[in-house]
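The block underneath contains the structure these notes are about, expressed in structure tokens.
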Amino acid sequence: MSTTKPPSIELLLPVPVGTVGHSCAWLCGHCRAVHASKDLADGCVYCCCSYCKLPTDKPHQTYHDACADAMLAKVERDRFEKAEKLTDHDGWVYCDGIAHNNGYFPSLAELIADLEDDEIDPKEWPEYAWTCAAIPFQTPCVDTIIENITSDMFEDAVEHINGREELKAALAAFGEANKSLITYTPDYRRAVLIPRPA
Ligand SMILES: [Zn+2]
Ligand SMILES: [Zn+2]
């Protein structure tokens with residue numbers, strides 16, 4: 001990872017003798033891309049990390065790997081600072097960095113049991129887990145399905161479709177048959193603190 005970037009280079013337009021010239025362009029000191037201002041050239045988007053503004057290791061890399069990690073860590077810290085902190089929670093939790101089930105557990109107790117099973121020193125346990133929000137099974141909408149089917153058909157085909165009520169009833173039964181399929185996603189507004197064994 002570079003620790004310096006050569007200074008940006010000011011381009012002066014040749015102007016007639018006796019008039020005052022002004023800079024119209026700046027070259028990035030590293031990759032020589034042209035920019036409209038010194039600030040843009042200093043933080044050149046073509047060769048610099050958007051986080052630390054220093055040249056990246058590879059071309060077309062938006063962030064250094066370490067900078068991307070630092071940014072994610074900051075996002076996580078900020079989220080946690082703002083979040084409501086619970087001492088207990090009844091329901092699914094998500095803990096980043098845990099391999100088992102990608103970090104999702106039906107309860108805080110199961111997360112703790114996993115940490116214990118892995119014989120992780122309680123001093124190394126994560127400080128908190130995120131609570132989870134439940135996303136119910138989404139039954140497909142009859143209108144959307146018919147729209148998709150008829151989109152490449154003749155004009156106004158949608159008005160000639162038969163069996164709409166039958167499809168609606170079938171979809172309702174389909175939704176009912178799958179209603180136990182719930183997706184959990186982290187709710188970054190509420191964290192639950194993980195108690196350490198006494
Ligand atoms: Zn550049
Ligand atoms: Zn960087």
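A short reminder: the numbers here are calculations on the coordinates, not readings from a lab. Not measured: the values here are computed from a predicted model. Neighbour counts run over all protein chains shown; Cβ positions are idealised from the backbone, glycine included.
Values for this structure:
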{"read-out": "Segment V158-F80, length gained on full extension (0.36 nm per residue, minus Cα span)", "value": "23.1 nm"}
{"read-out": "Three-way shape label, region 59-151, alpha-carbon gyration tensor, a/c 1.5", "value": "oblate"}
{"read-out": "Whole-angstrom Cα spans of region 103-198 along principal axes, big to small", "value": "70, 23, 22"}
{"read-out": "By average C-beta atoms within 10 angstrom, highest first, the peptides 98-106, 160-168", "value": "98-106, 160-168"}
{"read-out": "Sites matching GluC sites (Glu not before Pro) across region 118-164 that sit in DSSP coil, with at most 13 neighbouring C-beta atoms within 10 Å", "value": "E119, E127, E155"}
{"read-out": "For region 129-170 and region 56-77, distance of Cα centres in Å", "value": "41"}
{"read-out": "Two-decimal log10 I(q)/I(0) for the chain, as the Debye equation yields it once each C-alpha is a single scatterer, q = 0.11 Å⁻¹", "value": "-0.83"}
{"read-out": "Cα-centred dipole magnitude for the chain, charges only on beta-carbon of K, R (+1) and D, E (-1), debye, nearest 20", "value": "1200"}
{"read-out": "Listed pairs K53/K85; K53/K74; K85/K179; K38/K58; K85/K123; K74/K123 exceeding 28 Å between Cα atoms", "value": "K53/K85; K85/K179"}
